[in-house]
Structure formats: structure tokens, C-alpha cells
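The values are calculated or read from the model by the stated rules, or taken from the named source; none is laboratory data. Since we're looking at a predicted model, the values are computed, not measured. Backbone-built Cβ (ideal geometry, glycine too); neighbour counts: all protein chains shown. Just so you know, the surface numbers come from the protein's heavy atoms only, side chains and all, with ligands and any DNA or RNA stripped out. Shrake-Rupley method; radii C 1.70, N 1.55, O 1.52, S 1.80 Å.
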Amino acid sequence: MSDITVGFIGFGAVAATLSARMASHGATICAYDRNLARPGGLETLRGRCLGPDVSFLSLSELTRECNLIVSALPSQEALVAGQALGPYLQEGHLWIELSSASARKKVAMSEGVSGSGAQFVDGAILDAISTGGADVEIVLAGPHARGASEVLASLGLKSRPLGIEIGHAS
């Protein structure tokens, strides 16, 4: 995956921290966050940026612009966001789902995009972003975990594949 454009679904502490590291390693950063629809939302999101400019886009624009999609939402929002994302995914997209959703929810998300040609990877962050920053370890699972780990490493992140079964990182 050359010329990586990363699209974050949700732009809270995890996305702000990881995006700054990824940008410092050459990635272009975009994000979609539901706060975009709220009054003052764009200004709030811009205030969270720790690195270079982040382009805040609609979900459809984000999937047109980005080849790596990273979802970093609270567990209770992850499945709904995944369902909204699904229709926009296609071949060439790598989706890494970092929410703390259950293994069952991650399997459901992967099944929702199985016919799209997109690659789904179950992921989990093993430490708190507030203490580990961008040096946290990310574990990955699924048929595309090894390739996803290589992509994340090229962007300055620590990750390791756990296996080929979706849900093993959750």
C-alpha cells in the first residue's frame, strides 16, 4: 500500500494521537466524526488535532479519498458506524476496527463487508492512549492481519498479528 491516505471513523483521543504519528511517517490524514453535524463541531474537532492538518469529510468522501480506514469508536457506537460504513467500502480498502466491541460484533462487522472486496481486520489497543500515546501496542486478527501490521509499522505504529480468526483481538 503506497501513498497511504488514512481515514479515521471517530476523531477522539485515539484517532488524534495515532494520526499525528502516522502523518509524521508520510500518511495523509482524513476523518469523519458525527460531531461534524453539530454546531461548532468542526472547530471542536480541529482543536483535537495533534499533528498536521486533518481533512474532515463526510463518510462517502472519506471512503473515496482513503485506502486505510481506522475505526476508533466506543464499543456501543462501533456496530452502527460499521453498518453505515459498509455500503461505501470496496476493493482496495483496508478497514482496521480498533473499538473495544466484542468478538461477536467484530465478526458481524466483517460479515457486513464480506462481499465488498474490502479487507477487514479486528484490532485492539493494549494500553491506554493517555499513558502510552502513539507507542501503544496494537494487536490484530483476521486473514489480513499480517499485511495490516506491516502497513501500521510503515506508519510508525507498533502492532502484531495474533492469528487469522476475526474476534481473536477483541
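The orientation-averaged projection of the convex hull spanning the C-alpha atoms of segment 25-142 amounts to 7.6 square nanometres.
Only helices enter this figure: runs of n ≥ 4 DSSP H residues, each worth -39500 (n - 2.57), summed and divided by the residues of the chain, yield -10000 deg cm²/dmol at 222 nm to the nearest 500. Computed from backbone phi with θ = phi - 60° and the Karplus coefficients 6.51, -1.76 and 1.60, the 3J(HN,Hα) list for segment 141-155 is 9, x, x, 10, 4, 5, x, 5, 4, 5, 5, 4, 4, 5, 9 Hz; x is used for glycine and proline. Mean separation of Cα pairs under 8 Å and 6 or more residues apart, divided by the residue count, gives segment 68-160 a relative contact order of 24 percent. For the chain, the share of accessible area belonging to carbon and sulfur comes to 49 percent (1.4 Å probe, ligands and nucleic acids excluded). Taking all protein chains together and a 1.4 Å probe, the residues Ile164, Ile4 rank Ile164, Ile4 from largest to smallest accessible area.
Electrostatic bookkeeping for Pro161 treats Lys and Arg as +1 and Asp and Glu as -1; over the other residues with beta carbon under 10 Å from its beta carbon, the sum is +1. In a DSSP loop and with at most 13 other Cβ atoms within 10 Å, there are no trypsin sites (Lys or Arg not before Pro) in segment 11-109.
The mean accessible area for residues of the chain, using a 1.4 Å probe and ignoring ligands and nucleic acids, is 46 Å² per residue. Label-to-label distance for Glu91 and Ile164 is 2.1 nm, based on points extended 7 Å past Cα in the beta-carbon direction. Of the three principal axes defined by the Cα atoms of segment 86-170, the extents in descending order read 37, 26, 22 Å.
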